[in-house]
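Presented below is the structure to which this report refers.
The values are calculated or read from the model by the stated rules, or taken from the named source; none is laboratory data. Just so we're clear, the structure is a prediction, and the values are computed from it rather than from any experiment. As a convention, Cβ positions derive from the backbone with ideal geometry for all residues, glycine included, and neighbour counts pool all protein chains shown.
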Amino acid sequence: MSDYRKYIRNFSIIAHIDHGKSTLADRIIEKTGLVSKREMREQFLDNMDLERERGITIKLQTTRLVFNSKDGNEYIFNLIDTPGHVDFTYEVSRSLAACEGAVLVVDATQGVEAQTLANVYLAMDEDLEIMPVLNKIDLPSARPDEIREEIEDVIGVDASEAPLVSAKEGIGIEELLEQIVEKIPAPGGDENARLKALIFDSYYDNYKGVVIYTRIFDGTVREGDMIRLMNTGKKYEVTEVGTYSPGPVECEKLRAGEVGYICASIKQVADARVGDTITLADNPTEEALPGYKKVQSMVFCGIYPAEGEKYENVKDALEKLQVNDAAFQFEPETSTALGYGFRCGFLGLLHMEIIVERLEREFDLGVITTSPSVIYKVVKTDGTVLMVQNPSNLPDPMEIDHIEEPMVKADIMVPKEYVGSIMEICQDRRGKMLHMEYITKTRVNLHYDMPLNEVIYDFFDALKSKTRGYGSLDYEFSRYEPSKVVKLDILLNKDMVDAFSMIVHESKAYARGRFVCEKLKEIIPMHQFEVPIQASIGQKIIARETVRAYRKDVIAKCYGGDISRKKKLLEKQKEGKKRMRQFGTVEVPQEAFTAVLKYDDNK
Amino acid sequence: MTTTNNKLGLYLHVPFCRKKCRYCDFLSFECNDDGLLTEYSNALIREIRLRYKEWPYRVVDSIFIGGGTPSIMPAEDMVRIIDEIRENFLVDDDCEITIEANPATLSDEKLDAYISAGINRISIGVQSFDNTILSMLGRIHDKNDAFKAIRMAKRAGFENINIDLMFGIPGQTMKKWRDTVRQCLFLEPEHISLYSLQLEEGTPLYKMVHTQKLLTELPPETDREMYHDALLMLQNAGYEQYEISNAARPGYESRHNLKYWSYREYLGFGPGASSFMGGHRFKNCDKVLEYLDFLKEGLPPVKPEDVEHYTLRDEMGIYIFTGLRKTEGFRISEFENTFGEDFFDVYDPEIIRNLRGLLVAEGDTIRLTEKGFDVSNKVMAAFV
C-alpha cells in the first residue's frame, strides 16, 4: 500500500434524528483544530438556517480534518456527512459508499431507533466498518450498559469498546478520534490505475458552476483533465480540484483514496448526478461503480403563487432551487382555481416541506401548495397505461380498467406500550402487518405493507402524536398494486375547486370528504351569503357543510379612547383579507390548503 | 393638517364604579371611598392646570365627563373640577357639558349641584327596563331607579337627557327588547344610544357564555333584527339616527361625541384618557396610582410608549372609518382640505365599486347604507 493512504480515514457519522450527530461532528471539527471555538457556529455542518432550526441535515457537507494521533502520526480524516431523513436514503447510501467506516452514534438514553437501523443496514450494504459510540452520556437518564447490549443484540456489532461521549459537553472526543484511527480501515485503490471516482454530492456555485464532491477509488485527477461522467456520458474539462477544510482549498491533484471536489464548468447539478462515476475521457475505466440510480420523485404537489405574488418570481426561485437539488423536479401546470403554477416532484413529504419553506424564507415568496399525491398507474380499458400524479389528469371513469397505487414497506419502531395504538393507526391507513419483532424487552419493530398515499398524508404526524414522539419510521417503495381509488372533489358554492381534489381509497372517501368539509367550514369566513361546501365523487355528493352568511360585523362603540384600538382591529381584518384567495364568489384563506392536510388528533 | 373647527372638546375620565358590571371591560375600578375620590379630583385639577399650560387660550365648546361612573363623585368635587376648567380654558357660553350617570347614584342634591355648575346634558345608563336582564348584567339599579332618575333629572332642570340602551343580550327576547324601547320612548329623552352588547374576552359575562355555558349568545340575525327594529321605532317617534349607535331629536346630537367622528381635536384627562391634539394622538397612563404619582410630581401623565406615531396615510384611514360611523358619512372635499391630497389618488375608485350595496358615493359625500352599518368593519377595513 502506498504510504499516503495509510494515514487517511474516510468515514461518516450515522444516527437517528436528534441523537446528536451534528453536535458530535462539531466537536470533532473543534478537537482537530480546524475551526477555533470562537468561529464555531453551533452545528457547523448544518449550513442552512432551516437545517439548524429543524435540527436535521438536508444538504451534505464534507470536511477534511487533520488529526495528530498519540501514535505520533498525522492523519487525514475525511468526514462525510449524510442527510438525516428517510426521504434521502439514496443520498445516504452514496455518501456511505465513499467511506470505509461509519461512526454509529446512539443516544445512550434512547437506544436504537428505526433510522439507526436503516442507516446501519445501508452501511452494512457498503461493507463499512461500523464503530458504535454512545452519546449524551452526561445525562442522568443515560443507560450505557443496557444500550450497549441493545446494540449488540439488535445490530450485531461489538459495542464493548464503544466510546462513551457527550458531544454537548465535549466528553470522550479524544478517545473517539483515536478509535477512528485504530478501527476504521485505511482506503485501498491504486493511484496509477485508470480513474474511477464516485460523485456523492454536488452543489451549484455561482462562479465555478457545479462543484462535485467525489471520492477517488482508483487513479488520479488533475486540473485540465478531460473527464467523462459514465452514466450521463457527458464530457467536461476539469477546471479545479481541491479539498474542503472547511472552505475550498485548491490542490494539484486528487489521488486514489482521497476525498475532495472537482469543478468542470457543469451548468446544472442534474448533469452531475449523485452515484455517477467519473473517469478520464481518453483513458476510461472499464466498469462504472455499482449502485447508481436515477432518483425518482415519490410525492407530487402543485405549487402556486399566493395572491399578489408573481408567477415569474416563483419560477425563478424554483429554478434556483433545482440547480442545487437534482431530486427536485417541476413543470408548469394550470389550475382553474389557482391559475398558473407548477407541478413539483419530491423524494418525500419532508423534502416537499423543505422546498416550500425555502421558497418562503430564502426567496420571501408566498405560495399555495395543493394536496400531495403519489403516482398512480392507470390502466385504461384499451390497455394503455398512464402514470397520473395530478388528480385533474385522471381519465374519465368509463375509460379506466383499473388503477394501481404504490406500496411501501414501512418499519416502525416503538416502545411496546404503543404497539396497540400504532396497529390502530396503521390499520386505519390500510396497512397490513407483515411481522413484528421484539428488539429488546421494551422495544418493538413492526413491519408493515402500506400504500404510500396513506404514509404521505398524515401518517408521520399521527405516529408522533400517538407515541408521544417515541415512534420512528422508515419506509421504502416496494411495488404497485391494484387498488380501488377514486377522485374526491370539493365544491364551494357549487363550483368545483380543482386545487382541493385528491385521489383517495374508496373506503376512506366518505371520512375524508367529511373531514375536509368540516375543516373548510371552520376556516372559511362568513360571507354575505350562505356558502355550501360539498365533497363529491363524480356526481354524487358525499358530504356537505354550510358556512352561514354573516349578518353582523360592527363595533357598537367608538369614542375617543377606542380609535387606536379600532384602527388595529380594522388593520388586522384587512391583513386577513389579503391572505384570502378568491374562488368565484367565495374567499378562502390560504391556510385552508394546508389545514385540510393536517392530522387531527380527534378524528 | 388642519381641522375646520378649532374649538376643543374636553373629556374627563372617572375610572370608578360602585360595582363593576359583568360585561364591562372599560378602565374602571370598584370604589366606595369618598376620600380616594376627592384625592382623585385633586389630581384631575392638577392635570387641568398642567394641560392648559401646554395648550393655552383654547376655546372649549364641549366637555364630557365619562367613566366609569362620574356620578359617584361627591357633588362638591365635581363642581370644583368644572370650576377649574372654567378658570383655565375659555369655555363657550353655550358649551355642551355632559355627565354620565348611573340611575342608582343620583339624588336631587347632586343633580341641583350639576345644574348650578353648568352641566347641561346628562347621559343615564339605563341599559334595559327589564329587571331580570339588569341583574344578570350585574347592574346596581333596577327599572324603578331608572324611572326615578329620569324624573329627578327633568325636575332639576335637565333639558338634554340621553338614555343608553343595550340589546343583543343573552336571554333577551325580541319582545323584551321592544318593551324596553317603548318604555324609553315614553320617557321622551332628547337622545338615545343603542348599543349592541359586545362580549369582551376576560369579562365575567364572557366566561358565563363561553366557559361556564350558563348563557347562550344571541344569534347575529336576532341582534340585527333588534337593531333595525329599534331604529324604526325611534324614527317613528321623531328621532333621527346620526351615528351607528346614536339617535336624537333634531338639534340634540351630541356635539362632543360628533368630534370623535368628525376629525376634531379633543383633550382627555384622567387615567387612560386619549387625546388628539395638533395632529398627534396620545393616551394617559392606565394605572390610577401611577397617574396620581405623575401629577404629584407635576408631570404630564403620559408615557412615551403611549404616544401614537401615525403616518398621514394612517390618519386618512382614521378620518374615513370614524366619518363613516355617521349616517351622513364624510365629505370628499373636506377630506381633501384636511390632507391636501386627492381622495381618488389615495383610494382606488374600485374599492367603492367593490362595496356596492354597503357604501354609497353621492356627489361629494361617501356614506354607509343601512345594510352597510351591519357589516361596517368590512367596509372600513378597506380604507385603513
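Screening A:Tyr213 with (1) within 30 Å of A:His19 (Cβ to Cβ); (2) in a loop (DSSP other than H, G, I, E, B); (3) at pLDDT below 95 gives one miss only, at (2).
When we screen B:Gly317, B:Gly268, B:Gly279 for residues that are more than 26 Å from B:Ile63 (Cβ to Cβ) and touching a residue at least 40 places away in the same chain (Cβ under 8 Å), the only hit is B:Gly317.
Residues in the stretch B:247-262 that are under 10 Å from B:His191 (Cβ atoms), free of Cβ contacts under 8 Å to residues at least 60 places away in the same chain and assigned to a loop (DSSP other than H, G, I, E, B): B:Arg249 only. You will find that of B:Arg46, B:Arg58, the residue that is basic (Lys, Arg), out of contact with any Gly (no Cβ under 9 Å at 6 or more places or on another chain) and touching a residue at least 24 places away in the same chain (Cβ under 8 Å) is B:Arg58 and no other. So which pairs qualify, if the first residue must be in the stretch B:64-88 and within 14 Å of chain A (Cβ to nearest Cβ), the second must be among the hydrophobic types (A, V, I, L, M, F, W, C) and crowded, with 18+ Cβ neighbours inside 10 Å, the Cβ gap must be under 6 Å, and the two must be at least 6 apart or on different chains? Listed pairs, sorted by first residue: B:Ile65/B:Leu12; B:Ile65/B:Ile99; B:Gly67/B:Val14; B:Gly68/B:Val14; B:Gly68/B:Phe16; B:Gly68/B:Cys17. For A:His435, are the conditions met, namely being under 20 Å from A:Ala118 (Cβ atoms) and at pLDDT 90 or above? Yes, satisfied. Considering only residues that are among the polar types (S, T, N, Q) and farther than 23 Å from B:Arg255 by Cα, look in the stretch B:93-144 and name the one that is surrounded by the most Cβ atoms within 10 Å (Cβ to Cβ). Out of the qualifying residues, it is B:Ser128. Restricting the stretch A:436-452 to residues that are free of Cβ contacts under 8 Å to residues at least 40 places away in the same chain and out of contact with any Lys or Arg (no Cβ under 6 Å at 6 or more places or on another chain) leaves a set whose member that is surrounded by the most Cβ atoms within 10 Å (Cβ to Cβ) is A:Tyr448.
Restricting to the stretch B:222-246, name every residue that is among the polar types (S, T, N, Q), within 13 Å of chain A (Cβ to nearest Cβ) and either farther than 17 Å from B:Gly168 by Cα or not in a loop (DSSP other than H, G, I, E, B) (or both). Hits for the stretch B:222-246 are B:Thr222, B:Asn246. For the stretch B:365-383, a residue qualifies if it is farther than 19 Å from A:Glu571 by Cβ, within 10 Å of chain A (Cβ to nearest Cβ) and surrounded by fewer than 20 Cβ atoms within 10 Å (Cβ to Cβ), and exactly one does: B:Lys371. Restricting attention to the stretch B:33-51, does a residue exist that is more than 27 Å from B:Tyr260 (Cα to Cα), in contact with a strand residue (DSSP E or B) (Cβ under 6 Å, 6 or more places away or on another chain) and at pLDDT below 95? Scanning the stretch B:33-51, I find no residue that is more than 27 Å from B:Tyr260 (Cα to Cα), in contact with a strand residue (DSSP E or B) (Cβ under 6 Å, 6 or more places away or on another chain) and at pLDDT below 95, so the answer is no. Take B:Arg58 and tell me if it is among the basic types (Lys, Arg) and at pLDDT 95 or above. Taking the combined requirement at face value, the residue does not satisfy it. For the stretch B:145-197: of the residues being under 19 Å from B:Arg22 (Cβ atoms) and under 17 Å from the mean Cα position of the chain (by Cα), which is surrounded by the most Cβ atoms within 10 Å (Cβ to Cβ)? Residue satisfying both the conditions and the ranking: B:Phe167.
The criterion of at least 2 residues that are within 21 Å of B:Glu253 (Cα to Cα) and aromatic (Phe, Trp, Tyr) is met by the following helices (runs of 4 or more DSSP H) wholly inside the stretch B:310-380: B:312-323. Here the stretch A:553-580 is the region considered, the condition is being part of a loop (DSSP other than H, G, I, E, B) and under 45 Å from the mean Cα position of the chain (by Cα), and the residue that is nearest to the other protein chains (Cβ to nearest Cβ) is A:Asp553. On the given criteria, is A:Gly111 touching a Lys or Arg at 6+ places or on another chain (Cβ under 9 Å), in contact (Cβ under 8 Å) with a residue 60 or more places away in the chain, under 23 Å from A:Thr63 (Cβ atoms) and not hydrophobic (A, V, I, L, M, F, W, C)? Answer is no for this residue. Taking (1) among the small types (Gly, Ala, Ser); (2) outside any strand (DSSP E or B); (3) in contact (Cβ under 8 Å) with a residue 24 or more places away in the chain in turn, A:Gly469 satisfies each apart from (3). Are any residues in the stretch B:200-221 of a type in the set (D, E, K, R) and either exposed (fewer than 12 other Cβ atoms within 10 Å of the Cβ) or farther than 17 Å from B:Gly168 by Cα (or both), and if so, which ones? Hits for the stretch B:200-221 are B:Glu201, B:Lys213.
For the stretch A:581-593, the criterion of being in contact with a strand residue (DSSP E or B) (Cβ under 9 Å, 6 or more places away or on another chain), surrounded by 15 or more Cβ atoms within 10 Å (Cβ to Cβ), within 13 Å of chain B (Cβ to nearest Cβ) and modelled with pLDDT under 85 is satisfied by no residue at all. Restricted to the stretch B:129-213, the set of helices (runs of 4 or more DSSP H) holding at least 3 residues that are closer than 18 Å to B:Pro103 by Cβ comprises B:131-137, B:143-156, B:174-186. Each residue in the stretch A:216-255 was checked for being in a strand (DSSP E or B) and either within 22 Å of A:Val274 (Cβ to Cβ) or in contact with an Asp or Glu (Cβ under 9 Å, 6 or more places away or on another chain) (or both), and 23 of them qualify. Scanning the stretch B:313-355 for residues that are of a type in the set (A, V, I, L, M, F, W, C) and either over 20 Å from B:Met277 (Cα atoms) or away from every other protein chain (no Cβ under 14 Å) (or both) gives B:Leu324, B:Phe330, B:Ile332, B:Phe335, B:Phe339, B:Phe343, B:Phe344, B:Val346, B:Ile351, B:Ile352, B:Leu355.
Of the set (1) within 15 Å of B:Thr105 (Cβ to Cβ); (2) within 14 Å of chain A (Cβ to nearest Cβ), all apply to B:Cys31 but (2).
Please specify each residue of the stretch A:264-286 satisfying the condition of being assigned to a strand (DSSP E or B) and either surrounded by fewer than 22 Cβ atoms within 10 Å (Cβ to Cβ) or free of Cβ contacts under 8 Å to residues at least 40 places away in the same chain (or both). Within the stretch A:264-286, just A:Leu280 meets the criteria. Residue pairs whose Cβ atoms lie under 6 Å apart, separated by 6 or more positions or on different chains, with the first residue in the stretch A:410-435 and part of a loop (DSSP other than H, G, I, E, B) and the second among the charged types (D, E, K, R), are A:Arg429/A:Glu454; A:Arg430/A:Glu454. Residues in the stretch A:510-552 that are within 14 Å of chain B (Cβ to nearest Cβ), touching a residue at least 24 places away in the same chain (Cβ under 8 Å) and part of a loop (DSSP other than H, G, I, E, B): A:Pro525, A:Met526, A:Phe529, A:Tyr550.
The residue that is surrounded by the fewest Cβ atoms within 10 Å (Cβ to Cβ), counting only those in the stretch A:343-400 that are within 17 Å of the chain's Cα centre (by Cα) and among the small types (Gly, Ala, Ser), is A:Gly345.
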